[in-house]
Amino acid sequence: MAQIQLTFPDGNAKPYDAGVTPAQVAADISTSLGKKAISATVNGTHWDLQWPIHEDAQIALHTMKDDAQANELIRHDLAHVMARAVQEIWPDTKVTIGPVIDNGWYYDFDRAEPFTPEDLGAIEKKMKEIINKRDPVTTEVWERDRAIKFYTANNEPYKVELIESIPGDEDLRMYWHGHWQDLCRGPHFQNTGQIPGDSFKLMSIAGAYWRGDSNRAMLQRIYGVAFRNKEKLKAHLTMLEEAAKRDHRKLGREMNLFHMQEEAPGQIFWHPNGWTIYTELQNYMRRKQRADGYQEVNTPQVVDRKLWEASGHWDKYQEHMFIVEVDEEHAREKSINALKPMNCPCHVQIYNQGLKSYRDLPMRLAEFGSCNRYEPSGALHGIMRVRGFTQDDGHIFCTEDQIEEECAKFIAFLSDVYKDLGFEKFEIMFATRPEKRVGSEESWDHVENALENAIKKTGHAYTLDPGEGAFYGPKLDFKLTDAIGREWQCGTFQVDPNLPERLDATYVGEDGVKHRPYMLHRACLGSFERFVGILIESHAGKLPFWLAPRQVVVASITSEADDYVHDVVAALKAAGVRAEADIRNEKINYKVREHSVGKVPVILAVGHREVEDRTVTVRRLGEKRTSVQTLDAVTKDLATAATPPDLL
RNA sequence: GCUGCUGUAGCUCAGAGGUAGAGCACUCCCUUGGUAAGGGAGAGGUCGAGAGUUCGAUUCUCUCCAGCAGCACCA
C-alpha cells in the first residue's frame with residue numbers, strides 16, 4: 001500500500017498508509033487522544049475523523065478544547081439533530097438547509113402548519129432524547145443521480161433542487177445521524193452522544209425565503225444557540241439580556257427622549273430631552289464641517305418628478321418615494337412631486353448655477369438634509385430605520401486627480417469625529433461593482449482603481465467587499481464598533497461619475513474646454529436619528545456629559561434649602577450647564593433613585609450644611625461616593641465637562 | 001413587502017362571552033427626611049380601528065392599522 005507523509009503542527013512528520021483517517025492517526029498517537037479527538041484540520045480544511053487522507057498533508061487534531069472547531073461541530077450536529085427531531089414529530093415536514101451561524105445555527109423547514117413557541121420545548125426534548133441515544137454518525141460519498149433519485153423518492157423537493165444547483169462534477173456527501181440522513185458537507189461528530197446536551201437552546205421561529213429570494217416560498221426557520229458548556233450558554237443569554245436593557249426604544253421612553261405613534265409610522269416625535277442630544281450632535285458636526293472646508297447649503301423638500309426622472313431615481317426607487325400630487329384647480333396639468341429621498345440631485349442644481357472653473361474645485365457642499373423614504377414596513381426599527389431622517393450629507397465636486405486627496409482628507413475627518421464621539425475603533429470596507437449597475441466596464445475599472453489607490457495611500461487597513469458597491473460607483477463604508485462590540489455601518493465615501501453626467505454638471509478646465517467633474521458622496525454619521533440611537537445603545541443611556549440631555553439635577557434635602565437650590569441652578573445655567581431644580585417634597589433617597597434611573601450624570605444635593613457653607617454635595621451617576629465642593633469650583637468643573645470636545 | 005406573534009390606564013402586565021384589575025407613575029394630604037422607592041387617600045381605560053356571529057363582544061370570526069422577531073430591502 002502506498003505511503004503518505006503527515007506533518008503535525010510541531011513540525012514532526014510520520015508515514016501512514018494512504019487512506020488513513022484522522023481517527024486512526026489520533027488512536028496511533030495515544031489512546032486518550034483517540035478518545036478525545038473530535039475532528040482534524042487537514043491542509044487548512046476542517047476534516048471529519050472518518051474521512052480518509054490520500055496524500056501528504058499538514059494535519060492538526062482537535063479536541064473539545066479547541067473552541068472554533070468544537071463549536072462548529074456542536075452547532076452543525078445540532079442542526080441535524082433538530083431537523084431529525086422535527087421530522088420525527090411531524091413526519092410530513094420537508095427539510096431544506098441548516099447552516100452554522102454566529103453562536104448557533106438555524107434550519108429552514110417547509111411545513112403547512114406554523115411552529116408555535118410551545119413546539120420549541122417539544123423539539124428540544126426530542127433533541128435531548130436523540131443525543132442520549134448516542135447514535136453513530138456515518139458518512140458516504142454518493143453520485144448525484146443516486147442522490148437525486150433518493151430525494152425524489154423521499155419527497156424532499158428542496159434537496160433535489162439543492163443538488164441540481166451544485167456543479168455537476170462534484171460528488172455529494174451524505175451523513176447519517178442514526179437512521180436520519182441529510183445531504184451535508186460535514187464534518188460531524190462520530191456519534192450524537194458527543195454533543196453537549198445541556199448547553200443549547202432553541203431561541204425563535206421566523207419566516208425566511210427559500211434561497212433568500214423574496215419571490216420564492218416562505219419557509220419556517222428555527223434558530224438555536226449552542227456552546228461547549230452550560231457556563232458559556234449562560235454567559236451568552238446574559239449578554240442578550242444586557243443588550244435588551246440597552247435597547248434605544250426602551251431607554252428612549254424611560255429617559256423621555258422621543259416617541260413614535262401610529263399616525264406617523266417610521267417618523268419620530270422628538271421630546272425636549274431627545275432633541276437636546278440631536279441638536280448638540282448637529283451643532284458639533286456643523287462646526288467640524290465648517291472647519292474642514294465645507295459650505296453648508298439647504299435644498300427643497302418637495303421636488304418635481306422631472307428632476308427625479310433626470311437623476312434616475314424615479315425609475316429605480318419610485319416605489320420607495322413619498323409621492324405628492326398637487327392638483328390645483330386651474331392648473332393645466334397636475335404636478336407630481338416627490339419628497340426628496342436624498343440630497344445629491346439638489347446639490348448638483350446648486351453646483352450647476354453659474355459656470356464653474358477648475359479653480360472652483362474641489363467644491364464641498366454639505367447639508368443636514370432632511371429626507372423621506374417610504375421604507376418597507378418590515379424594515380422599520382425604532383429610530384434606527386425610519387421613513388423621515390436627516391443625513392449629515394455632503395458632496396464634493398472634484399477632478400479625477402483630486403479624488404485621492406479628498407479621500408484621505410475625509411478619512412482623517414471621520415477618524416477625528418468618531419474619536420470625539422467615543423468610538424476609537426472602526427473598519428473600512430471597499431465595495432466594488434455590483435451586478436446591477438450603470439456605466440461602462442472601463443469606467444468602473446478606472447474609478448475602482450482610483451478609489452483603491454486613494455485608500456492604499458492613506459495606509460488604513462481595509463477589507464474588500466466585492467459586488468456591494470452602489471449602482472453608480474464603488475464606495476468605502478465605515479463601520480464603527482460600539483461599547484459592547486457590535487458593529488454599525490455609519491460613514492460612507494462614494495465615487496460617482498454617473499450623476500454629474502445625467503444632470504450635466506461641468507467645469508471649464510485649464511484648457512478652456514468643458515469637462516465632467518466627479519461627484520463624491522460622503523456621510524460620517526449617516527443619519528442623525530440612527531446615530532443618536534447608536535449613541536444611546538452604546539452608552540446604555542449614560543451619555544457623555546456634553547451630550548447628556550439632563551446634565552445636573554440640584555436636589556434639596558430640606559425645603560429650607562429651596563432658595564439656595566435655585567441659586568445653584570442659576571449659577572450653573574449661566575455657565576452653560578443644563579441644570580434643573582428638584583425641590584419636591586420627597587426624601588433625598590427617592591430623588592437620587594429617580595434621577596439615577598433617569599441617567600442624569602450629576603446630582604447635587606443641598607441641605608442645611610451646604611446652605612451655610614455655600615457648597616454642594618456631588619454625586620456622580622454610578623458612584624456611591626459623594627464629595628463636597630464649593631459652588632464656584634463645581635460650576636467651573638461642570639462648565640468644562642459640558643464643553644463639546646472640539647471646543648476644549 | 002413576506003411568515004409568525006402581539007395590541008387592555010402614562011409605563012410594565014393580569015383577566016374573562018354578561019361592558020375591567022394590579023404595581024409603578026400622576027394629583028392631594030401627612031411627613032423636613034443626608035444619597036437607589038416614607039405613609040395615606042384620590043383620580044385615571046370606547047380593552048388598536050371597522051365589520052360580522054350572538055339576546056349580549058373588550059373576549060369568538062374576518063378585514064384593516066400599528067408594533068415585535070426573522071427574511072427580503074436599504075439610492
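The values are calculated or read from the model by the stated rules, or taken from the named source; none is laboratory data. Keep in mind it's a predicted model, so treat the numbers as computed, not measured. Glycine gets a Cβ as well: all are built from the backbone with ideal geometry, and neighbour counts include every protein chain shown.
Results, tabulated for the structure shown:
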item	result
Lone qualifier among A:Asp108, A:Asp119 - being surrounded by 13 or more Cβ atoms within 10 Å (Cβ to Cβ), closer than 21 Å to A:Phe200 by Cβ and either of a type in the set (Ser, Thr, Tyr) or at pLDDT 95 or above (or both)	A:Asp108
When residues of region A:433-471 are limited to those that are of a type in the set (Ser, Thr, Tyr) and more than 21 Å from A:Lys409 (Cα to Cα), the one surrounded by the fewest Cβ atoms within 10 Å (Cβ to Cβ)	A:Ser440
Subset of region A:622-648 (residues that are buried (at least 16 other Cβ atoms within 10 Å of the Cβ) and assigned to a loop (DSSP other than H, G, I, E, B))	A:Ala642, A:Pro644
Residue in region A:525-547 that is modelled with pLDDT of 95 or more and over 24 Å from the mean Cα position of the chain (by Cα) present	yes
First in region A:180-207 and over 20 Å from A:Gln220 (Cβ atoms), second anywhere and in a strand (DSSP E or B) and among the β-branched types (Val, Ile, Thr), Cβ under 6 Å, 6 or more apart	A:His188/A:Val137; A:Phe189/A:Val137; A:Gln190/A:Val137; A:Asn191/A:Val137
Criterion: farther than 18 Å from A:Asp292 by Cα, of a type outside the set (Asp, Glu) and assigned to a loop (DSSP other than H, G, I, E, B) - qualifying residue of A:Ile383, A:Ile350, A:Ile336, A:Ile428	A:Ile383
Strands (runs of 3 or more DSSP E) (entirely within region A:23-85) containing at least 1 residues that are of a type in the set (Gly, Ala, Ser) and under 18 Å from A:Gly193 (Cβ atoms)	A:39-42
Options A:Gln402, A:Gln391; residue that is within 14 Å of RNA strand B (Cβ to nearest atom) and either part of a helix (DSSP H, G or I) or crowded, with 20+ Cβ neighbours inside 10 Å (or both)	A:Gln391
Subset of region A:624-648 (residues that are more than 9 Å from RNA strand B (Cβ to nearest atom), farther than 27 Å from A:Asp416 by Cα and not small (Gly, Ala, Ser))	A:Gln629, A:Thr630, A:Leu631, A:Asp632, A:Val634, A:Thr635
Leading residue by the ranking (nearest to the chain's Cα centre (by Cα)) among those in region A:559-590 that are acidic (Asp, Glu) and exposed (fewer than 13 other Cβ atoms within 10 Å of the Cβ)	A:Asp563
Test: A:Arg359 is part of a helix (DSSP H, G or I), of a type in the set (Lys, Arg) and closer than 23 Å to A:Arg522 by Cα	yes
Flag if A:Ile411 is away from RNA strand B (no atom under 16 Å from the Cβ), in contact with a helix residue (DSSP H, G or I) (Cβ under 6 Å, 6 or more places away or on another chain), touching a residue at least 12 places away in the same chain (Cβ under 8 Å) and assigned to a helix (DSSP H, G or I)	yes
Count of residues meeting criterion [closer than 20 Å to A:Cys407 by Cα and touching a helix residue (DSSP H, G or I) at 6+ places or on another chain (Cβ under 6 Å)] in region A:431-445	2
Residue match in region A:129-142 (condition: at pLDDT 95 or above, more than 27 Å from A:His46 (Cα to Cα) and surrounded by 19 or more Cβ atoms within 10 Å (Cβ to Cβ))	no
Residue among A:Pro549, A:Pro544, A:Pro497 that is surrounded by 20 or more Cβ atoms within 10 Å (Cβ to Cβ) and over 30 Å from A:Cys344 (Cβ atoms)	A:Pro549
Residue that is nearest to RNA strand B (Cβ to nearest atom) [pool: residues in region A:365-375 that are touching a helix residue (DSSP H, G or I) at 6+ places or on another chain (Cβ under 8 Å) and over 26 Å from A:Tyr507 (Cα atoms)]	A:Arg373
Hey, A:Ser357 of a type in the set (S, T, N, Q) and within 14 Å of RNA strand B (Cβ to nearest atom) or not	no
Options A:Phe493, A:Phe478; residue that is touching a residue at least 24 places away in the same chain (Cβ under 8 Å) and within 13 Å of RNA strand B (Cβ to nearest atom)	A:Phe493
Selection count, region A:392-430, where residues are farther than 19 Å from A:Met285 by Cβ, under 19 Å from the mean Cα position of the chain (by Cα) and among the hydrophobic types (A, V, I, L, M, F, W, C)	3
Flag for A:Met321 being within 16 Å of RNA strand B (Cβ to nearest atom), crowded, with 18+ Cβ neighbours inside 10 Å and among the hydrophobic types (A, V, I, L, M, F, W, C)	yes
